[in-house]
Amino acid sequence: MWCQRLAWLLRGQRGSAGRRWPQLPRDPGPVLAAPVRCHPTAPASPRCAWQLHQDHLELRYGSTLMRLDFVWLRDHCRSASCYNAKTNQRSLDTASVDLAIRPQAVRVDETTLFLTWPDGHVTRYGLEWLLRNSYEGQKQQVMHPRILWNAEIYRQAQVPSVDCRRFLETDEGLKEFLQNFLLYGIAFVENVAPTKEDTEILAERISIIRETIYGRMWYFTSDFSRGDTAYTKLALDRHTDTTYFQEPCGIQVFHCLKHEGTGGRTLLVDGFHAAEQVLRRAPEHFELLAKVPLKHEYVESVGGCHNHMIGVGPVLNVYPWNNELYLIRYNNYDRAVINTVPHDVVRRWYHAHRALTAELRRPDNELWVKLKPGKALFVDNWRILHGREAFTGYRQLCGCYLTRDDVLNTARLLGLQA
């Protein structure tokens, strides 16, 4: 399903096309009783009409029909006594609002809804504000615009890497990098000095580094020093990291500092693109993967490292109001015993999991990249699965995890939708 709004946002992107996340069928909800009266606005604004119901205001603006609860309308008042516009924080005590409140008077002009409450307080809402912030408006919007890709789509897009100096020293370079990252879930920075210290400076340009059980900046070779397959020379199948955290790490940074040997290419797969194919072909599988909670577990007792981590959540995580996918938690290595699913659901879950796995393993979805010294890779761990082929020789990597909130904060401050 193509999203016109995203297409407008991405106009001018080379070889790119915007797409809204496909929608599952929706329950239309209860049918409203026929209204007694309809109140059009002034003749100059035929796009707007409203009517009062027992507990809500029904407002049609343009092609959108909004149903606005009276308590909600009082609670979100933006007057100076109810809302601090400097801090963007509510001043009104929500618990003080009468749950049976109704407006004494309602008026709508070409741009604004006016509500007079029983105590005489007047609330004003811009109609465009209501359109953006109502439930009906939100379910028509995309929280995070993205371009879903397979290997060919990504190659044809010719997404450029950003030079390290431009990334570090200019807002334009940083914004270009973040736009690529938000749209595709991966982005590269070139000409980085191949040291852990310089990689750390790079990461801190966009976020606070998230310290985990692996430390602040991880730095490893295939020395088997941790109880994790990543610390070997073996091939790794596609997966997302830290599925055993209650909140998996949002972004990870990879920088290959040295490799004297063969193999070791990095595999990248757009998990959201694969999930979209499942939704299109078998929506019942998508729905099951989005509803069934699973445990992921990591246990190690190696040297001085003693950890037992458990994270719980479905494979696919969606915003319930618009069914937009925002997180995939997929790691067959770390999935724990399935004991959170009743017996009559388990077999159906395995069918759904098999359908998603088949999409993730399609060769045309696989983007293979050879990481080299000087080229740092940023990966959206909530979207992109990564893996690697087996390798020989001495291979040294460094990197870190970043806090997702801070990356998105940086992007918003630069004017990007994130």
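The values are calculated or read from the model by the stated rules, or taken from the named source; none is laboratory data. None of the values given here were measured: they were computed from a predicted structure. Quick reminder, even Gly has a Cβ in these numbers, built from the backbone with ideal geometry, and neighbours come from all protein chains shown. The protein model used for the area step is the full one, side chains on, heavy atoms only, and it has no ligands, DNA or RNA in it. Shrake-Rupley method; radii C 1.70, N 1.55, O 1.52, S 1.80 Å.
Tabulated values for the structure
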read-out	value
Asn307 vs. criteria of a type in the set (S, T, N, Q), under 21 Å from Arg361 (Cα atoms) and touching a residue at least 60 places away in the same chain (Cβ under 8 Å)	no
Selection count where residues are outside any helix (DSSP H, G or I), in contact with a strand residue (DSSP E or B) (Cβ under 8 Å, 6 or more places away or on another chain) and open to solvent by 20 Å² or more (accessible area, probe 1.4 Å), scope the range 143-167	6
Options Leu115, Leu131; residue that is in a helix (DSSP H, G or I), outside the structural domain of Ala274 (by the TED database), open to solvent by less than 50 Å² (accessible area, probe 1.4 Å) and not polar (S, T, N, Q)	Leu131
When residues of the range 57-76 are limited to those that are aliphatic (A, V, I, L, M) and assigned to a strand (DSSP E or B), the one farthest from Glu136 (Cα to Cα)	Leu57
Any hit, the range 343-353, residues being in the same structural domain as Glu260 (by the TED database), surrounded by fewer than 15 Cβ atoms within 10 Å (Cβ to Cβ) and under 28 Å from Thr266 (Cβ atoms)	no
Among the candidates Arg362, Arg383, residue that is over 20 Å from Arg205 (Cβ atoms), in contact (Cβ under 8 Å) with a residue 12 or more places away in the chain and under 19 Å from the mean Cα position of the chain (by Cα)	Arg383
Residues of the range 310-329 classified as modelled with pLDDT of 95 or more and open to solvent by less than 50 Å² (accessible area, probe 1.4 Å), total	13
Flag for Trp129 being within 18 Å of Leu377 (Cβ to Cβ) and either in contact with a Cys (Cβ under 8 Å, 6 or more places away or on another chain) or of a type in the set (Phe, Trp, Tyr) (or both)	no
Meets criteria (open to solvent by 20 Å² or more (accessible area, probe 1.4 Å) and among the polar types (S, T, N, Q)) for Asn365	no
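Okay, residues lined up against (1) outside the structural domain of Ala157 (by the TED database); (2) loosely packed, with under 15 Cβ neighbours inside 10 Å; (3) closer than 22 Å to Arg404 by Cβ; (4) among the polar types (S, T, N, Q):
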site: Val189; (1), (2), (3), (4): no, no, yes, no
site: Glu200; (1), (2), (3), (4): no, no, yes, no
site: Ile208; (1), (2), (3), (4): no, yes, yes, no
site: Lys233; (1), (2), (3), (4): no, no, no, no
site: His239; (1), (2), (3), (4): no, no, yes, no
site: Gly261; (1), (2), (3), (4): no, yes, no, no
site: Phe272; (1), (2), (3), (4): no, no, yes, no
